[in-house]
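Colleague: The structure under discussion is supplied below as C-alpha cells; questions concerning it will follow.
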Amino acid sequence: MQTFQVLIIGSGFGGQCAAINLLKAGIDDFRLLERRDFFGGTWCQNTYPGAAVDVPSPLYSLSFAPYRWTQMFAGQAELHRYTRHVVERFGLRDKVELDANVERIEWDDANKRWTVYTADKGTFCAQFLINATGPLSQPVVPYFNGQERFQGKTFHTNNWDHGYDYRQKSVAIVGSGASAAQVIPAIAPDVGHLHVFQRTPHWVLPRADHRFGRFQRWLLGLKPVYKLLRWGIYWQFETRVFGFKYSKPAVHRVQRQALRFLKLQVPDTELRRKLTPDYTMGCKRVILSSTLYPALARRNVTLHSREQGIAAIDETGIVALDGQHIDVDLIVWSTGYDATDGVICYPVTGKNGTCLKEVWAQYPRAYLGTALPDFPNLFIVTGPNTGIGHTSALFIIESQMNYILDCIRTLRDQGLRSIEVRHEAERTYTEMIHREMERTVWKSGGCHSWYQSRSGHVIAMFPGFSFSFHRLTRALKPADHILS
Ligand SMILES: Cc1cc2nc3c(=O)[nH]c(=O)nc-3n(C[C@H](O)[C@H](O)[C@H](O)COP(=O)(O)OP(=O)(O)OC[C@H]3O[C@@H](n4cnc5c(N)ncnc54)[C@H](O)[C@@H]3O)c2cc1C
C-alpha cells in the first residue's frame, strides 16, 4: 500500500489545478491517480472532429498559466498542447499514476485517512482525497431495440475512432447538443450522407471566433494585456446571468436575435420549424456556432426531428418512428454524459459506513459543491451545483481550490487530522441553492436537460454569478466545520 498526504483522482484541469495549488502551498507529498494511459482529461479524451471550447480561451485557461493562444476559441489540439504546457511547466509529470482506475474508496476513522482501491495499481491511502473525476467524463449511450444486431461501426464522440474512415459513408449522428453541433459541420462535407437525429432543437447564436495574428499573440505574452483581455471577457460573459436568472425581457431579446440568425442561415421553412426551440433560451446549453445551420442545410444532410426519431436499430441501420428504414455504415453517439447522478462514479464509504450513494439517493448535494458531512477530508472538484452555463468551468475549479487548500492548511497549521462539514451547514447551503434555483431558467425554462437529476432537481448548475461562488469559497468558515 502506498501512502501519501493527498491523493487526487483524475488528471484533467481539476486535478492539475489541485496539484499546482498543493505545490504552491508547499505540499509535495501527493499523487494524481488517472484511469487512462495519458495525462489530461476532457481535451485529451475528446478528439472528435471539430472539438473546441465554447468559452474564449483567454478565460478558459488557468489564471496563473497564461498562454499565447492562436485562436479565440481554441480547438482540441491546442487545448491538448496547453495541457502539456501546464503539466511540464509545473512539473506534474512525475506526480501521476496512469492506468489507475479508482474502483472504491473508504474512510478509515481510526487512522483518519482514506483507503483508495484501484483496478490494477493496488491500494493507496492518504489523509486527504480530492476527487477530480470530471463533470462530463462518463459517456451515456441510450439503448434502442435491436442495437446489438447492428453490423456497422458505432462509437461515442468521447471516444472517436480515428482509424475509421467516414468519408463517403452513410453516417448517423444521434443527439444534437454541444458536441454534435461541432461534429456535424466538421464531417458533413466529407460523408456520403449524414442523418442527424435530434430530440430537441437547441438555441444557437453566432460564434465570434478570431484567429490571433503574430502581433496579437505577442501581446498575449504580456501579462497585463492577457489579464485585461481575460477580465474583459469575464465581465462580458457574466452579464448573461441576468438573462438566466433575473431578466426575462433580456433573454427574449436574445431569443429574437437567435431567430433572426436562424432565418438568415436556413432559408427552408420546414427545416427552420424543426430547428426552432419551444423553451426559454438558456434552459439547455446555448450553442455558439456559425457553421452548424449551413451544415444542416446541406443537400447531403437530413435532420430527423423527434417524431422521426429512432424506433429501433437492425443489422443495416435505423428504423425511424415514421417507419422509414435508413441504411447507415456508422452511428455516432453524441448523447452526452451522466452529469448529474454520476458525479462520483465509484462507491464511497464514509464515517460509520455511510454510503455516498444513499446520501445522494434523492439527488447529489454538497456544501459549496465540494464537501459532505460524514465524509471527512474528502473534497469534490466540480461537484453538485458547481456547473456554470455562462462562463469558464476553470474559474469555478480555481474558486473551489481556495476552500480546499484553506481546509488542508488549517489542519496542518493546527496539528489536527480531520475536517468535516457540519450537517446543518450543508443543509442550509443546499436549501439556499435550491431556493435560488427556482428563479432560474434551468428550473423554469420549460425544458428537460442534463442539468437536472432524475429527481428533477437542477443539480449541475450554480444558480448565480460566478463571482458569488468565488466569494463563498474564498475561505474556510470554521463555524461550519468540525475539526479534530
Ligand atoms: C466535449 C466537451 C466540451 C466542453 N466544453 C467546455 C467549454 O467550452 N467550457 C467549459 O467551461 N467547460 C467545458 N466542458 C466541461 C469540462 O469538462 C470542464 O471545462 C473541465 O475540463 C473539467 O475538468 P475536470 O478535471 O474536472 O474533468 P475532466 O477533464 O473530465 O477530467 C477528469 C479525469 O478524471 C479521470 N477519471 C474519471 N474517473 C476516474 C476513476 N474512477 N479513476 C481514475 N481517474 C478517473 C478521467 O479519465 C479524466 O482524465 C466541456 C466538456 C466536454 C466533455
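Colleague: Only one of these conditions is not met by Thr154: (1) touching a helix residue (DSSP H, G or I) at 6+ places or on another chain (Cβ under 9 Å); (2) within 14 Å of the ligand (Cβ to nearest atom); (3) among the hydroxyl-bearing types (Ser, Thr, Tyr); (4) at pLDDT 95 or above. Which number is it?
Modeller: With respect to (1) touching a helix residue (DSSP H, G or I) at 6+ places or on another chain (Cβ under 9 Å); (2) within 14 Å of the ligand (Cβ to nearest atom); (3) among the hydroxyl-bearing types (Ser, Thr, Tyr); (4) at pLDDT 95 or above, Thr154 is out only on (2).
Colleague: So, one more: Which ones in the range 11-28 are near the ligand (Cβ under 7 Å from one of its atoms) and not in a helix (DSSP H, G or I)?
Modeller: Answer for the range 11-28, where residues must be near the ligand (Cβ under 7 Å from one of its atoms) and not in a helix (DSSP H, G or I): Ser11, Gly12.
Colleague: Next question. Tell me the residue from Arg36, Arg31 that is modelled with pLDDT of 95 or more and part of a loop (DSSP other than H, G, I, E, B), please.
Modeller: Of Arg36, Arg31, the one residue that is modelled with pLDDT of 95 or more and part of a loop (DSSP other than H, G, I, E, B) is Arg36.
Colleague: Can you tell me which of Gly14, Gly26, Gly50, Gly10 is touching a residue at least 60 places away in the same chain (Cβ under 8 Å), on the phi > 0 side of the Ramachandran plot and in the same structural domain as Thr410 (by TED's automatic domain parsing)? Break it down into steps so the answer makes sense when it comes.
Modeller: Working: Gly14 fails: on the phi > 0 side of the Ramachandran plot; Gly26 fails: touching a residue at least 60 places away in the same chain (Cβ under 8 Å); Gly50 fails: in the same structural domain as Thr410 (by TED's automatic domain parsing).
Criteria check complete, one pass: Gly10.
Colleague: Now for a different question. Only residues that are within 14 Å of the ligand (Cβ to nearest atom), open to solvent by less than 50 Å² (accessible area, probe 1.4 Å) and on the phi < 0 side of the Ramachandran plot: list them for the range 127-141, please.
Modeller: Listed by number, the residues that qualify are Leu129, Ile130, Asn131, Ala132, Thr133, Ser137, Gln138.
Colleague: Looking for whichever is among the hydroxyl-bearing types (Ser, Thr, Tyr) and touching a strand residue (DSSP E or B) at 6+ places or on another chain (Cβ under 7 Å) here; the options are Thr47, Thr42, Thr70. Which one fits?
Modeller: Thr70
Colleague: Give the residue, chosen from Gly91, Gly122, Gly163, Gly146, that is open to solvent by less than 20 Å² (accessible area, probe 1.4 Å) and away from the ligand (no atom under 11 Å from the Cβ).
Modeller: Only one candidate qualifies: Gly146.
Colleague: Of the residues that make up the range 425-432, is at least one open to solvent by less than 10 Å² (accessible area, probe 1.4 Å), within 23 Å of Pro373 (Cβ to Cβ) and in contact with a helix residue (DSSP H, G or I) (Cβ under 8 Å, 6 or more places away or on another chain)?
Modeller: Within the range 425-432, not a single residue is open to solvent by less than 10 Å² (accessible area, probe 1.4 Å), within 23 Å of Pro373 (Cβ to Cβ) and in contact with a helix residue (DSSP H, G or I) (Cβ under 8 Å, 6 or more places away or on another chain).
Colleague: Related question: Could you list, ordered by first residue, the pairs with Cβ atoms under 8 Å in which the first is in the range 317-338 and in contact (Cβ under 8 Å) with a residue 40 or more places away in the chain and the second is among the basic types (Lys, Arg) and within 16 Å of the ligand (Cβ to nearest atom), at least 6 apart or interchain?
Modeller: Final answer for the pair search is none.
Colleague: Test of understanding: among Ala295, Ala311, which residue is in a strand (DSSP E or B), outside the structural domain of His423 (by TED's automatic domain parsing) and either at pLDDT below 95 or farther than 30 Å from Cys125 by Cβ (or both)?
Modeller: Ala311
Colleague: Right, next: Can you pull out every residue in the range 1-21 that is aliphatic (A, V, I, L, M) and more than 23 Å from the chain's Cα centre (by Cα)?
Modeller: Result: Met1, Val6.
Colleague: Restricting attention to the range 29-38, report how many residues are of a type outside the set (Phe, Trp, Tyr) and more than 12 Å from the ligand (Cβ to nearest atom).
Modeller: 1
Colleague: While we're looking at this one, here's another question. Go through (1) more than 27 Å from Tyr117 (Cβ to Cβ); (2) part of a helix (DSSP H, G or I); (3) within 16 Å of the chain's Cα centre (by Cα) for Asp406 and report which single condition fails.
Modeller: Here Asp406 clears every test but (3).
Colleague: Among the residues of the range 364-403, count how many are open to solvent by 10 Å² or more (accessible area, probe 1.4 Å), touching a Lys or Arg at 6+ places or on another chain (Cβ under 9 Å) and within 12 Å of the ligand (Cβ to nearest atom).
Modeller: Residues in the range 364-403 being open to solvent by 10 Å² or more (accessible area, probe 1.4 Å), touching a Lys or Arg at 6+ places or on another chain (Cβ under 9 Å) and within 12 Å of the ligand (Cβ to nearest atom): 1 in total.
Colleague: Looking at (1) open to solvent by 50 Å² or more (accessible area, probe 1.4 Å); (2) touching a residue at least 60 places away in the same chain (Cβ under 8 Å); (3) assigned by TED's automatic domain parsing to the domain that holds Lys284, which is the only condition Cys345 fails?
Modeller: Going through (1) open to solvent by 50 Å² or more (accessible area, probe 1.4 Å); (2) touching a residue at least 60 places away in the same chain (Cβ under 8 Å); (3) assigned by TED's automatic domain parsing to the domain that holds Lys284 one by one, Cys345 breaks only (3).
Colleague: For the range 258-281, which positions are modelled with pLDDT under 95 and either in a helix (DSSP H, G or I) or of a type in the set (Val, Ile, Thr) (or both)?
Modeller: Thr280 - this is the single residue of the range 258-281 that is modelled with pLDDT under 95 and either in a helix (DSSP H, G or I) or of a type in the set (Val, Ile, Thr) (or both).
Colleague: Say whether the condition of being near the ligand (Cβ under 9 Å from one of its atoms), modelled with pLDDT of 95 or more and open to solvent by less than 70 Å² (accessible area, probe 1.4 Å) is met by at least one residue in the range 102-109.
Modeller: Yes; the residues of the range 102-109 include at least one that is near the ligand (Cβ under 9 Å from one of its atoms), modelled with pLDDT of 95 or more and open to solvent by less than 70 Å² (accessible area, probe 1.4 Å).
The values are calculated or read from the model by the stated rules, or taken from the named source; none is laboratory data. Since the model is a prediction, treat every value here as computed from it, not as a measurement. So basically every Cβ, Gly included, is an ideal-geometry build from the backbone, and we count neighbours across all protein chains shown. Only protein heavy atoms, including side chains, enter the accessible area calculation; ligands, DNA and RNA are left aside. Shrake-Rupley method; radii C 1.70, N 1.55, O 1.52, S 1.80 Å.
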